[in-house]
């Protein structure tokens, strides 16, 4: 099976000025695309040849895990954005955030701090646990919470390639900008 | 002892076209600068104050992450700036070349092994040429770890390091890390690497 790069539901310049067109060209067109191609090459002739990404994330190791998780993570990340979506959580999602973190502002603060303090490359996740409560977790490199049985709701990519062309070393500025392009219709529906 | 951000021996634009001036300035003043400040914060008022980083690295697994990450970041960048040079196109000579030939077969083989180590780091990290029990090895570490740390899979004395964090090359090379690695061979200060080998 060949894995495919999903088409984005918006143009590459649609998230500007928060994420520039050039960033999207590379991040989606080069990085995300390379993970798709690498994975397709790596699974050939292995037991993961016809596997779904979720199975790869739960069971694979090494390069197959890294590339498989990175395909999934980037798709999840890019599809959480839109140029004109709801910028705050809705309905049950909002209730769950208030219940777990006190308020949306407190959640943003805690999530932003987790994103700012992750050392090296990785992802910060909002996940839903079995008892429907929410938690913020940091994962290094390709780390994906599905592997430990958690349900991902929202993610922020803090690999430097996600923000370096727009923000260079100023990761906190990228994280501030991130909140302006989230589509809480999509994110709430994941919950 | 307070750690200080070292001055570079060359201008920010001196390594062009291999590494651009903007990358050098941000890398030195912002990234290395931040590691320096955070390292000082991390050891201030602790038992580590006054100790050398080499000593601290020997038992780094027993110290907080802030010391490991920022101590490594501070030390690794110090070494990196030293082993770069605007005199392009030189190659190792003398005892260092002999040692490279002995451990890797040839300079070309060494370049290939080191380049592969650098290209294969997944995420952020460093590639190293290490002196270990009289032998030379090409290896890599994640994030800001280095071969002096007890957590390193290949331990030894780092003679040469290549930073493959994306901040080291993204403004000029973006996703093309192999192009950055290829460019690196033009700006290695082989006299400095040899000096570290002979120490």
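Here are a few things to note about the model shown:
- C-alpha center-to-center spacing [region A:3-37, region B:58-72] in angstrom: 36
- Relative contact order [Cα under 8 Å, 6+ residues apart], region A:91-189, whole percent: 25
- Relative exposure of B:12, A:65, judged by other C-beta atoms within 10 Å (fewest first): B:12, A:65
- Nearest-ten-degree value, helix A:91-101 long axis tilted from longest Cα axis of chain A: 80
- Length-normalised contact order for chain B - Cα pairs under 8 Å, 6+ apart - percent: 25
- Value of [θ]222 nm, deg cm²/dmol, for chain B, DSSP H segments ≥ 4, -39500 (n - 2.57) each, nearest 500: -12500 deg cm²/dmol
- A crude spin-label estimate for the pair residue A:189 and residue A:138, with each label 7 Å from Cα along the Cβ direction, gives 3.3 nm.
- Based on Cα contacts under 8 Å between residues 6+ apart, chain A shows a relative contact order of 26 percent.
- When only alpha carbons are used to place a centre, region A:47-125 and region B:142-199 end up 31 Å from one another.
- Burial ordering of B:141, B:23, fewest other beta-carbon atoms within 10 Å first: B:23, B:141
- Result for chain B in a Gaussian network model with C-alpha springs under 10 Å: among B:95, B:145, B:20, the largest mean-square fluctuation is at B:95.
- Gyration tensor verdict on chain A (Cα atoms; rounded if a/c is under 1.5, prolate if a/b is larger than b/c, oblate otherwise): oblate
- Cubic angstrom per residue, convex hull over Cα atoms of chain B: 110
- The distance between label points at residue B:9 and residue A:37 comes to 3.9 nm (points 7 Å beyond Cα on the Cα→Cβ vector).
- The distance from the alpha carbon centre of region B:76-112 to that of region A:160-191 is 40 Å, rounded to a whole number.
- Over chain A, dividing the summed -39,500 (n - 2.57) contributions of all DSSP H runs of at least 4 residues by the number of residues returns a 222 nm mean residue ellipticity of -13000 deg cm²/dmol.
- Between residue A:49 and residue A:21, the contour length at 0.36 nm per residue exceeds the alpha carbon distance by 6.7 nm.
- Three-way shape call for region B:106-199 based on the alpha-carbon gyration tensor, with the a/c threshold at 1.5: oblate
- Simple spin-label estimate for residue B:182 and residue A:176 gives 4.0 nm between the two label positions (7 Å along the Cα-to-Cβ direction from each Cα).
- Overall form of the protein assembly as shown per C-alpha gyration tensor (a/c, 1.5; a/b vs b/c): prolate
- Annotation: extensible slack from residue A:98 through residue A:2 equals 30.4 nm (criterion: 0.36 nm per residue apart, minus Cα-Cα distance).
Values in this text are rule-based calculations from the coordinates and carry no lab data. The model shown is predicted, which means the values in this text are computed figures rather than measured ones. A quick note on method: Cβ atoms are made from the backbone with ideal geometry, for glycine too, and the neighbour counts reach across all protein chains shown.
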